[in-house]
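Read the figures in this text as sums done on the coordinates, not as results from a lab. These figures come from a predicted structure and were not determined experimentally. Note that we place each Cβ from the backbone using ideal geometry, even for glycine, and neighbour counts take in every protein chain shown.
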Amino acid sequence: MRLIKISKEHKFYAFSSKIKPVAYAHPDDIVVFEVNDCFDGQVPFEEGEIPPINIDKTRVNPATGPLWIEGAKPGTTLIVRILDIEVPKLGLIRKWIIPIRNGFVKFANMNIPVRPVIGVIGVAPRKGTISNKYPGDHGGNLDSPDITVGSTVFLPVWTDGGLLGIGDVHAVQGDGEISGQGLEVPASVTVKISLSSKQLLPKVVVETSNYISILASAPTLDDACKDVIENAVRLLQSIKNMSRDEALALLSITSDLRISQIVNPLKTVRLCIPKYVIGSLIEHIKA
Ligand code: CA
Ligand code: CA
């Protein structure tokens, strides 16, 4: 096990197999990604209302990386366990820079508990280049509140080395991300990397302490829901050896369909399957 640090100068705005890796890791390495805020430092972080600023929109959602993972190749799964997300003392949402003190966000005379979310996490896609504004089956701009400290993210690998990137951290965010922003912050994200030779699903999957969530993104919520349900049925069929009807019934009475975000060019939903139904994915994928 080694400790690798990637500084925030190493950043990119679109996931692609053509970007040269800036660091190399082996399974079991711990990697610290120093992450820029979603506006790439263009907005000065000073408490209060933000003065009018012309944002260069080509510099939105920078991801730190990419990280090459030794042994990652198409058909394998990159397993990213989120060990820690350190956030600074100020965050940005809409026209405000807001203080963060002792684990709480101070806004509207309230103390809102910090619960950091990684907005952008992904690998190089199967083909072409995908802007960090988009979510997809490579990851990207998923904005899913499950992607937090203690969770494990399973990313299907599409190209050699995987090429992991992380960015767009929110100090806190609700489901839907309804205004288009979380509490945007630069951050320091510590992850543990591992790899499985198997691929259970061609989708991004997140394991929390309580459930497994399968993510899907599409132009409409309806299409994203259909996609995620189809994939959840397939996963249950393969893990539990049940019929399609049985899997659909089991999901219907146990699992929660949730909206991750409705504000990106594709919308993201997730189906959360309790662990008492499906067990730990880490166990299944290593078996
Ligand atoms: Ca985002
Ligand atoms: Ca964001």
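Here is the size of the stretch 1-121 from its Cα atoms: Rg then Dmax, 16.9, 50 Å. Note on Glu47 and Glu70: the model spin-label points, each 7 Å out from Cα along the C-beta direction, lie 4.7 nm apart. Here the simple spin-label model places points 7 Å from the Cα toward Cβ, and for Ser243 and Arg59 these points are separated by 6.0 nm. Here the 3J(HN,Hα) profile of the stretch 95-100, calculated from phi with Karplus coefficients 6.51, -1.76 and 1.60 at θ = phi - 60°, is 9, 10, 10, 10, x, 10 Hz, Gly and Pro shown as x.
Any idea what the dipole of the stretch 197-265 comes to, in debye rounded to 20, about its Cα centre with Lys/Arg Cβ at +1 and Asp/Glu Cβ at -1?
220 debye
In this calculation the C-beta distance from Met1 to Asn210 is compared with R0 = 30 Å, giving a FRET efficiency of 0.60. The distance linking the stretch 1-68 with the stretch 174-198 is 12 Å (Cα centroid to Cα centroid, whole angstrom).
Evaluating 6.51 cos²θ - 1.76 cosθ + 1.60 at θ = phi - 60° for every residue in the stretch 82-87, the Karplus couplings come out as 8, 8, 7, 9, 9, 10 Hz, glycine and proline recorded as x. The protection proxy used here, the mean number of other Cβ atoms lying within 10 Å of each residue, ranks peptides 116-129, 237-250, 25-38, 188-201 as follows, highest first: 116-129, 25-38, 188-201, 237-250. Equivalent-ellipsoid semi-axes for the chain (Cα gyration tensor, √(5λ), whole Å, largest first): 30, 22, 17. Taking every DSSP bridge with both residues inside the chain, close to 90 percent are antiparallel. Seen from a random direction on average, the alpha-carbon convex hull of the stretch 192-281 projects onto 6.4 square nanometres.
Here the Karplus relation 6.51 cos²θ - 1.76 cosθ + 1.60, evaluated at θ = phi - 60°, turns the backbone of the stretch 116-133 into coupling constants of x, 10, 8, x, 10, 8, x, 10, 4, x, 3, 8, x, 10, 10, 3, 5, 6 Hz, with x for every Gly and Pro. When every alpha-carbon pair in the stretch 162-222 is counted, what percent end up more than 13 Å apart? So the pairs more than 13 Å apart make up 79 percent of the total in the stretch 162-222. Relative to the longest principal axis of the Cα atoms of the chain, the long axis of helix 221-240 makes an angle of roughly 50 degrees.
Inverting the pair-averaged 1/r between distinct Cα atoms of the stretch 138-287 gives 16.0 Å as its Kirkwood hydrodynamic radius.
All C-alpha to C-alpha distances of the stretch 84-162, sorted into 10 Å bins beginning at zero, yield P(r) values of 16, 37, 28, 16, 3 percent in whole numbers.
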